[in-house]
């Protein structure tokens, strides 16, 4: 198979009211390092002619393992004080997808989402069934203690006291604190917010596209709420010939706007390029009252990272290997 396409990988770690005035230099360095690590991990796969699917999975695994983002280890707490995680992955080459919701204690939900795609005839598994499938697949589980961080718990207490369900899109940020030698030095507390939801989109040397998204949901969420992340076409989408998209923001509006698919649809049916399709899609999101953004990559290695809020943790890398990481507007 010919390999003359330009590779590209984009990642995100959430979007919202991210203000430079609310960010310490040390905390910004941590966020940038987390995004950079994910980009470098995925880039190595793409540079060795690996698949876009492998690249987005590995990039998201790195983001899930990074405690500052609301996914995997850094997942927020539900009203009951539990961690319930969602994830989705889509292979644009085979036009296949896998997703999980209400997942508990699985270290890397994105790995299980891929197994749903590869090992079942389904797309979305949820709740006890998803966890049962995880055990059958022998994926790695972690105890509640692994997912517990002081700052996420404090977030829950504040949300409970205020009687609100908290999105990961507010102005206030957590403070980095030094822990004892027996504790994780990357732990943080006093979060005034936890801007989360992580994702990746990629194009490999063969022009194949893939996207992956993972999240811990909303702080203090009740009633089995599910956002856009595991909904194919809403928060995650990939189709060869158009683009790969991973969204972050107020999930209800991304579901209403079918935002991830909207980008691809504008490219397919209006013959728009990636940049114009992404711009129109964000304009549509704004029209319906949604806040957030997304990352998108096309089959030619072009990248778009639009958002309609104050900032989005984002980065991308192309064939020259130079990474670009940005936070603010």
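To keep it simple, each residue is scored yes or no on (1) surrounded by fewer than 24 Cβ atoms within 10 Å (Cβ to Cβ); (2) modelled with pLDDT of 95 or more; (3) not in a strand (DSSP E or B).
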residue: 193; (1), (2), (3): yes, no, yes
residue: 196; (1), (2), (3): no, no, yes
residue: 200; (1), (2), (3): no, yes, no
residue: 206; (1), (2), (3): yes, yes, yes
residue: 212; (1), (2), (3): no, yes, no
residue: 217; (1), (2), (3): no, no, yes
residue: 221; (1), (2), (3): yes, no, yes
residue: 224; (1), (2), (3): yes, no, yes
residue: 229; (1), (2), (3): no, yes, yes
Which residue, of 261, 300, is assigned to a helix (DSSP H, G or I), out of contact with any helix residue (DSSP H, G or I) (no Cβ under 6 Å at 6 or more places or on another chain), under 30 Å from residue 50 (Cα atoms) and modelled with pLDDT of 95 or more? 261
How many residues does region 301-329 contain that are touching a residue at least 12 places away in the same chain (Cβ under 8 Å) and loosely packed, with under 14 Cβ neighbours inside 10 Å? 3
Given (1) touching a strand residue (DSSP E or B) at 6+ places or on another chain (Cβ under 9 Å); (2) crowded, with 20+ Cβ neighbours inside 10 Å; (3) at pLDDT below 95; (4) outside any loop (DSSP other than H, G, I, E, B), identify the lone condition not met by residue 26. (2)
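The values are calculated or read from the model by the stated rules, or taken from the named source; none is laboratory data. Computed from a predicted structure; not experimentally measured. All Cβ positions, even for glycine, are placed from backbone atoms using ideal geometry, and neighbour counts span all protein chains on display.
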